[in-house]
Amino acid sequence: MLAVTVILVIVAIIIAIDVPSLLRKKLKKELWIFSVLLLFGTALSIAQALNIKIPNPLDGITAIYKPLSDMIEKLLK
């Protein structure tokens, strides 16, 4: 639980540093992108701190391309 609190404090510091300048410069699109990426990163960090299994994206890519790779390998033999 301490790790989650530390993560949230760090996120709050990042927001306090970056958001005011984005608002001052009226960079709305950049603020949205910043918010989405920060939220995604925070969620992943908290999940990892709570020992929740996070799937590896490479496993999904392998599952998609493995049949194609096998087929090409058969054709080339």
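The values are calculated or read from the model by the stated rules, or taken from the named source; none is laboratory data. As the structure is a prediction and not an experimental result, all values here were calculated from the model. In this analysis, Cβ positions are derived from the backbone assuming ideal geometry, glycine residues included, and neighbour counts consider all displayed protein chains.
Hey, among Ala49, Ala43, Ala63, Ala16, which residue is of a type outside the set (Phe, Trp, Tyr) and in contact (Cβ under 8 Å) with a residue 40 or more places away in the chain?
The match here is Ala49.
Any chance segment 27-45 includes a residue that's modelled with pLDDT of 95 or more and in contact with a Lys or Arg (Cβ under 9 Å, 6 or more places away or on another chain)?
no
Does Ile52 satisfy the condition of being among the aliphatic types (A, V, I, L, M), under 21 Å from Ile7 (Cβ atoms) and over 16 Å from the mean Cα position of the chain (by Cα)?
no
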